[in-house]
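Following: one structure in structure tokens, then a few remarks.
The values are calculated or read from the model by the stated rules, or taken from the named source; none is laboratory data. What you are looking at is a predicted structure, and each value in this text was computed from that prediction instead of being measured. Positions of Cβ are generated from backbone atoms using ideal geometry, with glycine treated the same way; all protein chains shown enter the neighbour counts. Only protein heavy atoms, including side chains, enter the accessible area calculation; ligands, DNA and RNA are left aside. Shrake-Rupley method; radii C 1.70, N 1.55, O 1.52, S 1.80 Å.
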Amino acid sequence: MILILGSSGYVGGEFTKLFDQQGISYRGVSRREINYADRDSLIRLIRDTKPEFLINAAGYTGKPNVDACELHKADCLMGNAVLPGIIRAACESEDLCWGHVSSGCIFTGERADGGGFHEDDTPNFTFRTNNCSFYSGTKALGEEVLADADHCYIWRLRIPFNHEATPRNYLTKLMRYDTLLEATNSISQLNEFVRASYQTWTRRAAPGIYNITNPGRITTREVAALINKHLLPDKKFAFFDDESEFMKLAAKTPRSNCVMDSSKLLATGIQLTPVRDAIEQALKSWTTVNEE
């Protein structure tokens, strides 16, 4: 049986869908039901449910985007930096293996050699580098809290998307924004992300950090062109002249745009669709769903 914290959220909900499809027993928990930010309450929950594995899909991202984290710093710090430490303490107390949904947004740019960032590279979009959003800073602190944790998987998600037209979907956002920022990124197909994350445990890959992004990199203009090709042929995408104009007119805090290397995950035998192919598949099967 799998215990999922934050099961009502965007990522946690995808884990529940995966387990429903595969007939895997689980219990999804939200903080409205049980205050798992309290260590003793979480330990009681673990003892009552006796899970084989725990997934932490809880955290604070801000709505509609990370700008909201600048206004709710206490909640953001608690959800992204403090909570992982509480979960770690509870899981280690009960000798329970677990997985934590982290973020690739603790990086910006690419490696000096032109490649994507590896799991053992030091994050460069953090409070310590004094160049980040509050969201990215707290996610980096969350990884620091787990740096030497035993029996813990850290799954880095980047700009999630899939075929469902929801406000959290990267493709939906691009279609709705009036003007876009041109950038190069690694991104994660959400359904593949949750499947691959779970497989790191079921296949008994070594615990630790995994960049779970679709192989390759892609620019905003390339994604916009694919949207034109497969879904909205008449839509005219506008772009900011540069990042300074974007910050002046559309954002309250800097954004992470970065390239991640996912070869460590691929070496375990867990395969993800190349990024361009994954985007095309999503657009070809585009579905409108009920929004939150």
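So the values come out like this:
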item	result
Helix axis angle, 39-49 relative to the chain longest principal axis, alpha carbon, degrees	80
Residues with amide H under 5 Å from that of Ile154, placed H, sequence gap 5 or more	His100, Gly208, Ile209, Tyr210
Cα centroid separation, segment 240-281 to segment 46-105 (Å)	22
Cβ crowding within 10 Å averaged over residues, with 20-27, 185-192 ranked highest first	185-192, 20-27
Using θ = phi - 60° and Karplus 6.51 cos²θ - 1.76 cosθ + 1.60, couplings along segment 264-280 (whole Hz; Gly, Pro as x)	4, 5, 4, 5, 7, x, 8, 9, 10, 5, x, 4, 5, 5, 5, 5, 4
Rounded accessible area of Trp286 (nearest 10 Å², 1.4 Å probe)	60
Extension reserve of the Asp178-Glu94 stretch, reckoned as 0.36 nm per residue once the Cα distance is removed	25.3 nm
Per the chain, cysteines lacking a partner by the 4.7 Å Cβ criterion	Cys91, Cys97, Cys105, Cys132, Cys152, Cys258
Hz values of 3J(HN,Hα) by residue in segment 58-70 - Karplus curve (6.51, -1.76, 1.60), Gly and Pro given as x	8, x, 10, 10, x, 10, x, 7, 5, 4, 5, 5, 5
Accessible heavy-atom area order of Lys173, Lys248, highest first, probe of 1.4 Å	Lys248, Lys173
Surface share of carbon and sulfur [accessible, 1.4 angstrom probe, percent] for segment 155-292	48
Those lysines that a straight Cα-Cα span of less than 19 Å connects to Lys284, excepting residues fewer than 8 apart in one chain	Lys173, Lys229, Lys235
Amide hydrogen neighbours beyond the local backbone of Leu180, cut-off 5 Å, H modeled	Ala238, Phe239, Phe240
Surrounding net charge for Arg44, when Lys and Arg each add one and Asp and Glu each subtract one, Cβ distance under 14 Å	-1
Probe 1.4 Å, protein heavy atoms only - accessible area per residue of segment 53-120 in square angstrom	37
Net charge over other residues, Cβ less than 13 angstrom from the Cβ of Gln22 (K, R count +1; D, E count -1)	0
Contour minus Cα-Cα distance for Thr288 and Ile34 (0.36 nm per residue)	88.3 nm
0 to 90° range, to nearest 10: angle between helix 190-202 axis and the chain longest Cα axis	30
Charge dipole (debye, nearest 20) of the chain; +1 at Cβ of Lys and Arg, -1 at Cβ of Asp and Glu	480
Long-range HN-HN contacts of Ile55 with modeled amide H, under 5 Å	Leu3, Ile4, Leu5, Gly99
0 to 90° range, to nearest 10: angle between helix 10-22 axis and the chain longest Cα axis	70
Helix-only mean residue ellipticity at 222 nm for the chain, each DSSP H run of n ≥ 4 adding -39500 (n - 2.57), per residue, nearest 500	-10500 deg cm²/dmol
Accessible solvent surface per residue of segment 147-281, calculated while the other protein chains remain in place, 1.4 angstrom probe, Å²	44
Accessible surface of segment 27-128 [probe 1.4 Å, protein heavy atoms]: carbon and sulfur percent	48
Total charge dipole magnitude, segment 104-238, about the Cα centre, Cβ charges on Lys, Arg, Asp, Glu only, Debye to nearest 20	520
